[in-house]
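Chemist: There's a structure below that I have some questions on.
The values are calculated or read from the model by the stated rules, or taken from the named source; none is laboratory data. Note that the coordinates shown come from a computational prediction; the quantities given were computed from them, not determined experimentally. Here the Cβ is made from the backbone with ideal geometry for all residues, glycine too, and neighbour counts use every protein chain on show. Ligands, DNA and RNA are excluded from the accessible area calculation, which covers all protein heavy atoms including side chains. Shrake-Rupley method; radii C 1.70, N 1.55, O 1.52, S 1.80 Å.
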Amino acid sequence: MPQTEPLFSQLTPDDDIVAETRNERIGYPNLTTLEGANLKFKRGEVTCIIGGSGCGKSTLMKALIGLLPPLAGEVRLLGENLYALEEDQRNAVLRRVGVLFQNGALINSLSVAENIMLPMRRHTQMPEAVMLATARLKLRQVGLEHALHMLPEQLSGGMKKRAALARALALDPEVLLCDEPSAGLDPLTGAGLDRLLLDIRRIFKISIIVVTHELNSIRAIADRIVMVAPGRLVFFGPLAEALISNDPDLVSFFGRQATEQTASNSLYHLLTEAP
Amino acid sequence: MAGDVRAALRGAPGDGVELRWDQDLTRATVPTAWRSLNRTLRTIKDGELHLVLAESVQLDSAGVGLLEEIRNLAMARQLHFRVAANSPAVRNLLSIYTAPPDTKPTPVRTAGPFEQVGEKLYAALDEAFHFLVLTSDTTFLAIRGLVRPVVPWRTFVEQCIRIGSQSLPIIALISFLVGLTTALQAAYQLRQFGANIYIANLVGVAMLAEMGPLMTAIVMAGRCGSSIAAEIATMVIAEEVDALKTMGIPPLRYVLLPRFYALIFTQPLLTVMSTAIGILGGLLVAVLYLDLSVPAFWTQLVDGLAMRDLVQAMLKSIVFATIIGLTAAHVGFRARGGATGVGKSTTAAVVASIFMVIVADAIFSLIFYFGV
Ligand SMILES: Nc1ncnc2c1ncn2[C@@H]1O[C@H](COP(=O)(O)OP(=O)(O)OP(=O)(O)O)[C@@H](O)[C@H]1O
Ligand SMILES: [Mg+2]
């Protein structure tokens, strides 16, 4: 038992925090999706962000990577407040970050190879041949080597996702944020991606923040869980705690109980039951 | 200087070179390493290049990419490339990358000249067929829609207002300038013959029968044709058109018909307005430059214009509107390939419809000159 002491319980100094929110209020002018959660994402950990559709997971990710200024409070990534930095310093931080967007966000006019070479071109002086070889390497990792010279429009949804993951990994990021990497993938490919994420984490000691709904995937990779519901934080803590928590949201998410209450909530009951 | 080339490798098949490497292989150092490894590789005639990575060497994925590319180059020259790495970190990193498949890439078969010509011809025929089907479908739907209305009255009015208000200012300005310049060009000639008053006939006929319909059509192609094409192309690419089809809603009726009606209804109105404003431009020149009075100009204008010209103008504007709507829809429905496809089809719609409008205009002029 003491042997399998999980990562999360080790006391980590503050500089091991790669991303955090402080007294934040995140959302859009007329819709707050998360408030006062004070999240902390640690180096070398895999954090899974879970929650129902449309409750602000992608929004939280956007806030973390500097695309959506918090309405209040502070969001820090790799120790910096991106929203207060100059363009150059911002880019220097973002260069150490890889992002996989929910819809892939590949540049449609460029081939898959060019898409992956894009960050390398911008940030390094690598020779063309080596960039291409590296792109091929990354694509092979996600099982897409044959798509090297295809255009994004020729890829299926799941292939786009994987190609976008390869692009996010192009510069060996220190922090990797993935919005539903395995959505739309078959279980086998999805498990392959999980293994890849764990491998990368092991070799590069990077932090991975994943938005995902796949229970198997969460069980396999998560060290820590953030669960959000519309406008509030449900849970933030180690996976082991999430699995045994009695919070009704977590209980129904991890499916430990047949969700009887949804049936009693049904319109049928509302219409037929006597007051 | 990175690495030093050592003497021939003992016990290796053929000659070989062992290269000790003690520099990092990371994004920052890859450019220099690439040059130096390439140089070394070129000195080897046959046998093997054996790269021995020192314990301290740092490796990242760019470095792995470099190693793989060197291996590819070596293989292309029938050489062997081997890496020896003692550091566990390097070995770990290399282990998470899968080896490239051994299979040779299947050569891409290029089509012969006959095949290419055939393909082009087939594509052109296919396109023409699609256009024909679209034209007949739309005509059928549009005519049936007159009897059994399918487009809500409100949608139709909204579209008309949108198209009208979008295009009105620019058409007005262009027509005014065209009328003005036509009159100016003619005024000088007419004055030499003392035929000042005929400026009214000239501007009137030119604007009504030719410039009014044509200028309106060109602006409409640019403003409305492009937006119809872009809208339809966006829907095609986002699979919205497929979704409509599966829901049993014919995309033509839902997407095209309201815009098509609005276009055919507004374009004649805009053409009349364009003509009137163009004549106004001519009047300005007549009054300021040829010293004609407004009533004289007006009398001459009314005398000079025949009903025929008005009929021609209205006919032209309706045909042009049809051409613009159909071309835009045709190009839009055939859009392929992501967001870039939308841009391409928008441009194609404008270019194609302006071209077709001008061809149709020429045909009209011939018919009305010789025929009627
Ligand atoms: N640009 C925007 N402006 C205003 N509200 C937005 C915007 N984008 C998203 N929202 C709203 O923010 C909420 C959270 O959206 P978000 O995309 O973060 O959901 P999500 O948790 O990622 O859902 P999913 O699992 O479906 O991807 C939703 O209610 C959505 O309507
Ligand atoms: Mg989302």
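Chemist: May I ask for the net charge around B:Arg162, where only other residues with Cβ less than 15 Å from the Cβ of B:Arg162 are counted and Lys, Arg are +1 while Asp, Glu are -1?
Modeler: +1
Chemist: Which angle between 0 and 90 degrees, to the nearest 10, do you get for helix A:187-204 versus the longest principal axis of chain A when only C-alpha atoms count?
Modeler: With both axes taken from Cα atoms, the answer is about 70 degrees.
Chemist: Using only alpha carbon positions, build the gyration tensor of region A:39-162, then give the equivalent ellipsoid semi-axes as the square roots of 5 times its eigenvalues, largest first, whole angstrom.
Modeler: Sorted largest first and rounded, they come to 28, 19, 13 Å.
Chemist: Extension gain B:Tyr369-B:Trp298, at 0.36 nm per residue separation less the Cα-Cα distance, in nm?
Modeler: Taking B:Tyr369 through B:Trp298 to full extension adds about 23.0 nm, to one decimal.
Chemist: Taking all pairs of different Cα atoms in the protein assembly as shown, averaging 1/r and flipping that mean, what Kirkwood radius in angstroms comes out?
Modeler: 31.0 Å
Chemist: Residues of region B:175-210 with amide nitrogen under 15 Å from the 7 Å Cα-to-Cβ point of B:Val311?
Modeler: B:209
Chemist: Angle between the Cα long axis of helix A:157-168 and the longest principal axis of chain A, 0 to 90 degrees, nearest 10?
Modeler: Here the helix axis deviates by roughly 60 degrees.
Chemist: Now for a separate question. Once chain A is represented by equal point scatterers at the alpha-carbon sites, with solvent omitted, what log10 I(q)/I(0) does the Debye formula produce at q = 0.07, 0.16 Å⁻¹?
Modeler: -0.28, -1.30
Chemist: Now, a different point. Please quote Rg/Rh for region B:191-305 to two decimal places, taking the Kirkwood radius as Rh and restricting both calculations to Cα atoms.
Modeler: Over the Cα atoms of region B:191-305, Rg/Rh equals 1.27.
Chemist: Per residue of chain B, what 222 nm ellipticity follows from adding -39500 (n - 2.57) for every DSSP H run with n ≥ 4, rounded to the nearest 500?
Modeler: -23000 deg cm²/dmol
Chemist: Mind computing the radius of gyration and Dmax over the alpha-carbon atoms of region B:5-97? Å is fine for both.
Modeler: 12.6, 35
Chemist: Under the definition of partner shielding as Cβ atoms of other protein chains within 10 Å of a residue Cβ, what is the mean value for peptide A:19-25?
Modeler: 0
Chemist: Same structure, new question: Across 10 Å bins from the origin, how do the percents of Cα pairs in region A:32-103 run, short distances first?
Modeler: Histogramming region A:32-103 at 10 Å steps yields 16, 52, 30, 2 percent.
Chemist: Could you give the longest part of chain A that holds none of the GluC sites (Glu not before Pro) found in DSSP loops with at most 12 neighbouring Cβ atoms within 10 Å?
Modeler: Free of exposed loop sites, the longest segment is A:87-272.
Chemist: With θ set to phi - 60° and the Karplus curve 6.51 cos²θ - 1.76 cosθ + 1.60, what are the ³J(HN,Hα) couplings of region B:273-288 in order, to the nearest whole Hz, using x for Gly and Pro?
Modeler: 5, 4, 4, 4, 5, x, 5, 4, x, x, 4, 4, 5, 4, 6, 7
Chemist: Amide H to amide H under 5 Å from A:Thr33: which residues, 5+ apart in sequence or cross-chain, H placed 1.01 Å off N in plane?
Modeler: A:Ile26, A:Gly27, A:Tyr28
Chemist: Send over the Kirkwood Rh of region B:288-339, from the inverse of the averaged 1/r over different Cα pairs, rounded to one decimal Å.
Modeler: 14.9 Å
Chemist: Roughly how large is the B-A contact in terms of buried accessible area, totalled over both chains, probe 1.4 Å, nearest 100 Å²?
Modeler: 2000 Å²
Chemist: Using only alpha carbon positions, build the gyration tensor of region B:273-372, then give the equivalent ellipsoid semi-axes as the square roots of 5 times its eigenvalues, largest first, whole angstrom.
Modeler: They are 38, 18, 10 Å, listed largest first.
Chemist: At q = 0.11, 0.14 Å⁻¹, what base-10 log of I(q)/I(0) does the Debye formula yield for region B:142-370 when every alpha carbon is treated as an equal point scatterer in vacuo?
Modeler: The calculated log intensity ratios at q = 0.11, 0.14 Å⁻¹ are -0.61, -0.87.
Chemist: Using a probe of 1.4 angstrom, how much of the accessible area of region B:5-97 is carbon and sulfur, in percent?
Modeler: Carbon and sulfur atoms account for 49 percent of the accessible area of region B:5-97.
Chemist: For the Cα atoms of chain A, what angle does the longest principal axis make with the long axis of helix A:128-141, in degrees from 0 to 90, nearest 10?
Modeler: 30 degrees
Chemist: Continuing with the same structure: With Cβ to Cβ distances under 15 Å as the rule, what net charge do the other residues near B:Asp309 carry (K, R +1; D, E -1)?
Modeler: Residues near B:Asp309 contribute -1 overall.
Chemist: A follow-up question, please. Can you pull out the trypsin sites (Lys or Arg not before Pro) in region A:150-243 that DSSP calls coil and that have at most 13 other Cβ atoms within 10 Å?
Modeler: Here the trypsin sites (Lys or Arg not before Pro) that fit, given the DSSP loop and packing criteria, are A:Lys205.
Chemist: Once the dipole of chain A is set up with Lys and Arg at +1 and Asp and Glu at -1 on Cβ about the Cα centre, which of A:Gly184, A:Leu197, A:Ala133 lies farthest towards its positive end?
Modeler: Among A:Gly184, A:Leu197, A:Ala133, the one farthest towards the positive end of the dipole of chain A is A:Ala133.
Chemist: Show A:Met117, B:Met235 ordered by accessible area, largest first, where the area counts protein heavy atoms only and the probe is 1.4 Å.
Modeler: My answer, sorted largest first, is B:Met235, A:Met117.
Chemist: Here's another thing I want to ask about it. Which of the trypsin sites (Lys or Arg not before Pro) across region B:273-372 are loop residues per DSSP, with 13 or fewer other Cβ within 10 Å?
Modeler: Hits after loop and neighbour filter: B:Arg336.
Chemist: Now a separate question. What is the local net charge at A:Lys205, summed over the other residues whose Cβ is closer than 9 Å to its Cβ (Lys, Arg +1; Asp, Glu -1)?
Modeler: +2
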